[in-house]
Structure formats: C-alpha cells, structure tokens
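Quick notes on the structure that follows.
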C-alpha cells in the first residue's frame, strides 16, 4: 500500500475550497463574456520549438516523454508555461479562420518546472484576456481591459486597485532626460525594482549603469507620481519644465494623451480603484504602450495579481502579419491560495446541493423521487438521503455538508404537492407548496 | 519564423467549436450538480508510483521532466491517464476530511502517450461521476447513474441507449454453466469481443480456452438477451431451466434481483433509452455488480461513449478501508470530435455576444457606453463596435461572428432610453425601451 502525500507546488483543494474556486472561475468567465470575448482552450502540450520561438525562455519548462519509451534526450513536446505563447501560436496557425479584431479569453492551467519551494506553484490557473487586430487596434480597448478587471473584482467582492501607466511616457521622459537609447531597457528594468529594493537601491543600480545623479533624480521623481489622472499629469507637467526640449518629447506627449483618453473612458470607476501610477514599469520588454498592474489593498503581500498591457505584435514568430493587441491576466491560483491561507475565503458548503430530501421510511421512496424530479427540472440541485434512517441522522448529513435546506416529504401527494421545508441556517420550518421553492 | 502545425492527437477547436464544447461541459456539470455531486479537480500530475500502484498499467503514460534538468532516466512524475486513479489517491489522502458517502464529479483532461494515429487522442476530456461510501453503498445509487446520464443526453438533444448488465449475473450464470472459476475472467474478456469479432470469433476463442461446445452455446445464448428488463429476465429464466442446480446460482439470483430493483427505479425512462443487455461485459476486472455502457443509435461507429459500473473497493492501494462505489464516465472529446467531423454539431456563432451596439459617429460614444453598461449589468453579453465606421461594415462584423442582434443607438437619451434593435436572423427591426431586452 502507498500512503499518498501532496506533491509540493501542485495545489489541490478540498471540496469546500473547490466550490469557491469554481465561483471565481465562473465569475471571471461571466464578466469576460459580458464584453463579448470568446473562450479558447489550447492543449496543455506544445512543441518545444514553439515554446522557445522567442528565444531562450527564462521560465523553467516541463518536457513530456513516454514512460515506456526510450530514455529522453531531446525533448520534442512540453507543457505550456503561460497562455500567451499558445495564443500567439494559435493565431499564427488559424489566421485564415479567425475574424479580426479577435477577442478571446483563456482560463487554463499552466506549468513551470520550478524547484519545490514554499509559495511557488508548478501547476496553476491563469485567466487571460486579449484582443488583437491587424495593423492597428483602437485605443479604447486599452480602457476596456481595466473596465473588465474592475467588474471582475467588484463581482468577487474584493477591493482592487488597478494601476495604469504608459510605456511611451516612461520612454519619452527618460529619453528627454538624456538616458541613452541603448540603456533604456536596462534602466526600465532597474526602475521596476523600486518597490522591492527601495529608492536607494535603485539609485545605486542606476549609478552603476553610468547615469548621472541629476538624471537619476529626475527619473525617480517620475516614478513617484501616482493618483488620479488629472493630478498625476499636472505634476508631470511641472517635472517637464525641468527637461531640455528634445525630439523624443513627441513620444512623451503621445503617452500622456493616451493616458488622458483612458481616464476619460473610465471616469465612472471610483478613484480608489483606478490609480494612474507612473512608477509601474512591467518587466516584459514587449509592452509598448499602456501597462497595467493590480494590487489588493487588503492583501498587499500579494503584489500585482493581475497585469498586462499593450503590445505591437503578438505573433511575429509564427506569422508574417502585424497583429497589435492589448491584454491582461489574472493569477488565479496565487490569489485563491492566499485567500484560503489567510481565511478570507472559506465556506461550510461542501457540495452544490440546495435541498436534501429526507427519506423517512421505505414506502416513501416514490414521493422522494417525485419531489426530486420536480426540483431538478427547475434546475435546483437536490439530493435524496440514501437510506430510510432516523431523521436526526439525515439532518446531520445535510448539516455536515452545509446543505442549506431539508425537505420532509410526509405530507406529499402527487395531487396536493405540499412539503415541509426546514432552513438549517435559522431553524425555521414551514409547510409550503413545492412550486414556492422555484419562484425566485 | 516557425510555421505552426497541429500536433497529432492533441485536439484543438476553432472558436465556434469551442463554444459548443463549453455548452457540453456546462450541461454535464449542471446535471451532475443537480444530483448533488460536488466538483473535484486534481492536478494533471501524479507520482509515477501512484499511477502504477495497481501494478503495470496497460495505458501509455507521459512522464514529465525539466527541460533544463539532467537527461531523464527515472521518471518521478507523470500526467494522469484517467480520473479514477487520481480520485482514489485523493480519497486515500483526504479520507479524514471527507464526509462519506462522498459524491463527486470530475471533468478534466487526461493524457495518454499513444503513438500518433487517426482517431487516437493523446489529450482528451473525460467527465467522471462517482459516489463512494464506507463498507456498503445502497443499491439505488446504481440506478442514479443511468438517471443522470439519461438527463445529460436528453438536455444535449442526443439520442442515447444506456445499456445495463450485472457482473453477478454473468459470473453466476457462467459458473452455473460449469465454466471453471479460474477461467471466468478470461471468458468474460473473450465474451466482451462479441460485437467486435462476431459470434464465430468468440466461439473459436472459447474453444481454444478449452470450453466445451455446449457450454459455449449456453454462454452465447446469455449474451444475446437484450431489451426491457421484464422480457430479458423472462428469457433468462427459460435459459436457467437448462442449467444444472449449483451453489453459485445464489450469485445469479442476486444479480437478477439487483437488475429488477434498478429497472423499477428507472421505470420513467423510455424503453428505447434504457436497454437491459446481458451481452455487455466491460473490460475492467474491478467491476463487481452493475455495469453500464452507452451507445448512440445515430452514431453507432462510436461504440460505447459512456461506461462504468459498481466496484467493491475504490482505494485499496492507498488506504486500509473498504470503500465501495459506483460511477460512470463520459468520453467527451471522442464524442465531440465525431459530432464535429460528421457535421452533427456546428454553429455560425463565433462568440458569446448577444448584442452588438453600433457606433455611428464619435459623439455617440457615451450613448454606446451607457447602453452597454445597462445590458452587462443585466448579464447580457454585449459588444460596442470598435470604431465609428459605416454602419454596413458594423452589421457585417456582427453577421460574420454570428452575433444575433444589432442595436442602433441614434434615439438614445439617458432619460428616454429608447433603442432600435435589428435581428440578423429574420431582418426585423424595431424601436423599443432598453428594459424590454432584459425581460425573459
């Protein structure tokens, strides 16, 4: 006999937790679909050549090989490590069958061959949403992404702060500060560490890169601008007066006007949920305009739980077309696992059942079946207790599983259709016609 | 640049097909939950020792290993090849946290390291449902499984024939026929091939096993009994008169009475959907009572698309408790892929959008946003066209994606809230108050 134990990094939930996970996935899917995005599901497995098409991957990848095959030397196939590469491959492969602009979401597991370590997942859910178009994509899609994410967290009942910035502002401002073009990416990468290593740390790194102290000061001043769009842009215009006039200010101005456009489209979102934060950078080099991060004020330790941005070209590795897009991704497993751990999400509900029909004695089986069939026809999850036992035992069955209501079928006749219903939440008990249970 | 191509055995759907797959999964889940079964999801990955706990596995297994790691010699982890072994492992691991009887369903992908071959999948969906209890499980759960499956296929609009037999009838009858105990499994295995290789083929195999011709005749006579329960048992009682009285007839009688019980519980299911078929056997040795197969009269080539049965002990490899159960599994990907191939399931619908709001000119953007927000608040998937372009182009956008209705916002004011709605199905167009769209 084998005593099974959890495998580190592969989270698995108990029934009550899984019900919560289902609610989260259903909510995310519902909102994504409310905006007209369509579901895609790609296989877990891709060719290694596809996964590495962008060049060396910094994520650890799990290859797959047949157990009964020869010892694995050259990996041909592997598990996807994100949902962006499979989406790009899918678009490249099915370009002729897709209508552009193409709005898709993808809620799937991804795998990373991390070494076992607390809090590092090797299998986890991501919930991605992206829209791509050919040659150019209207800017208001950049506003749609935060609108969608705001609605997701609102429906989940979680306070969220969506942070928005624009790479054009960063690049334009930095280059106006005379940060050399070839150092831009490296400087962005350092600036991204501001929250992690603090102002002094970033300053030291930038000095090491050869930047002058006054330039560094200007860069750091930009990173501190956050708040509503109006106030941020006001303070930015003050910073701008210190800058030498420069050819690249055009890029800066474009970034500013994009940010203003998005702020206007999202003016209905409360200020505390939408923060224009010129300090966010995003690690990935491929974002070219709007960028997003999302923090949860009640769970600051999580950092950004939902990030993304605008990119110029989704699938250049797979198809010779320019396909710009914008997208965002929720780190679902990381979020849920934290909410479980800190007790913010828990439930006594162990199953989807709304009503347990008690089975008081063998002869009442037909009554139980008739009641169950009626409720199920009305899409109400219903169980019949599995044996004619003491009622106390049957009620305990419901109680243990968090089933909210119990039905006693003693008065049932196919003609009268009266039942007694007990709410386990408040202990109230009443006799009603069965149709009253289906009237919400 | 890499030209991406499909990987044989890893099915992937276009958006319209994926929408259909979602409908199938939603329907199966809905019905499973209507009977109070709760969702489980186990990781894709199990320890190889767990997957092989029952001994050598006849399915091909995909091991996983880190691409950047050393060459893989000893596989530690692998992708699950079914959902039964992970369920057994889960129950063994979480026994103390689960309430028995435990009713669970699991709709997940499984992987098999098959060599590429037409119609053989290497990644596919299964939709399993099982109930387990400790020491004994009431027989009416054996009737619940076909009830559930019947409702699934009814809601999917697919004609299905659920075939029911009982291993006790087979074993009891065969042993009354004086098939030696130690040959029982081998004989069952041969009998299982009746539909594949025909009566003569099976006869030849059984002769080779050393069975006498008259015994073989009796065995084959049993296999031909199918129809409603009453007629099948009547014909069985005729066959029984030919049998020598024998100690094992007790098992036969028990199987008969179990079959009768199930037939009585399911008497509301039309005869053409529920067939008592003493010819079905099921390959797996571990079934001990009721067994199920499901064929689709409109797609006979698929064979059984949904099979299962009663077993004595789910998790004996992982826990020292007797946990009998009964379960059944739908081969979803195999079913869908066939329905797609033969054109039985197809759709012009490319996205979940119900209404496309046209955007006639830039100034009308606020009206579009207000209409969209209203509909989304009422859970109606809605898109706003992405640019103020010619209306013809916008309607074509909806048409190409199978979006059923288009809204023209010209008359909209926040006070009056009137819109023009065009149905693309029948071309009708009318001016209505927006609230009329949310009244179903």
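Bear in mind that the values in this text are calculations on the coordinates, not laboratory data. Computed from a prediction, not measured in an experiment: that's the story for all the values here. Ideal geometry is used to build each Cβ from the backbone, glycine not excepted, and the neighbour counts take in all protein chains shown.
Running a GNM on chain B with Cα contacts under 10 Å, which residue among B:392, B:226, B:264 ends up with the highest mean-square fluctuation?
For chain B, modelled as a Gaussian network with Cα springs under 10 Å, the answer is B:392.
Ranked by Cβ crowding within 10 angstrom, fewest neighbours first, how are B:29, A:189 ordered?
A:189, B:29
In a GNM of chain A with a 10 Å cut-off on Cα contacts, which of A:41, A:123, A:213 has the highest mean-square fluctuation?
The residue with the greatest mean-square fluctuation here is A:213.
Provide a whole-number value for the mean count of partner chain Cβ atoms within 10 Å of the Cβ atoms in peptide B:147-156.
Mean number of neighbouring Cβ atoms from other chains: 1.
Please order A:145, B:1 by the number of other Cβ within 10 Å, starting at the fewest.
Ordered by Cβ neighbours within 10 Å, fewest first: B:1, A:145.
Shielding by partners for A:53-59, please: the mean number of other protein chain Cβ atoms within 10 Å of each residue's Cβ.
Average neighbour count from other chains, rounded to a whole number: 1.
Could you work out how far helix A:213-223 tilts from the main Cα principal axis of chain A, as a 0 to 90 degree angle to the nearest 10?
30
Going by alpha carbons, how many degrees (0 to 90, nearest 10) lie between the helix axis of B:194-208 and the longest principal axis of chain B?
On a 0 to 90 degree scale, this one is about 20.
Using a label point 7 angstrom from Cα along Cα-to-C-beta, what distances in nm, from shortest up, separate residue B:135 from the other copies?
Spacings between copies for this position, smallest first, are 7.6 nm.
Where in the range A:335-371 is the amide nitrogen less than 17 Å from a point lying 7 Å along the Cα-to-Cβ axis of residue A:429?
Counting only backbone N, you get A:356-361.
For the protein assembly as shown, what does -39500 (n - 2.57) per DSSP helix run (n ≥ 4), summed and divided by total residues, give at 222 nm, in deg cm²/dmol to the nearest 500?
-11500 deg cm²/dmol
Label-to-label distances across copies for residue B:250, with labels 7 Å out along Cα→Cβ, in nm, shortest first?
9.5
Would you mind listing the distances between the residue A:418 label point and the same position in each other copy? Use 7 Å along Cα-to-C-beta, nm, one decimal, shortest first.
5.2
Connecting C-alpha atoms closer than 10 Å in a GNM of chain B, tell me which of B:152, B:281, B:45 has the biggest fluctuation.
Fluctuation is largest for B:45.
Please determine, in degrees from 0 to 90 and to the nearest 10, the orientation of helix A:365-377 with respect to the longest principal axis defined by the Cα atoms of chain A, where the helix direction is its Cα long axis.
30
Please average, across the residues of B:25-36, the number of beta carbons from any other chain that are within 10 Å of each residue's own beta carbon, and give a whole number.
Taking the mean over all residues of the peptide, I get 5.
Relative contact order for the range A:355-438: what is it in percent, counting Cα pairs under 8 Å that are at least 6 residues apart?
30
With 10 angstrom as the radius, rank B:318, B:408, A:261 by how many other C-beta atoms surround their C-beta, starting from the fewest.
So the residues, fewest neighbours to most, are A:261, B:408, B:318.
Taking the DSSP beta bridges in the range B:355-438 as the whole, what percent of them are antiparallel, to the nearest 5?
60
For the range A:15-341, calculate the relative contact order in percent as a whole number, restricting contacts to Cα pairs under 8 Å that are 6 or more residues apart.
22
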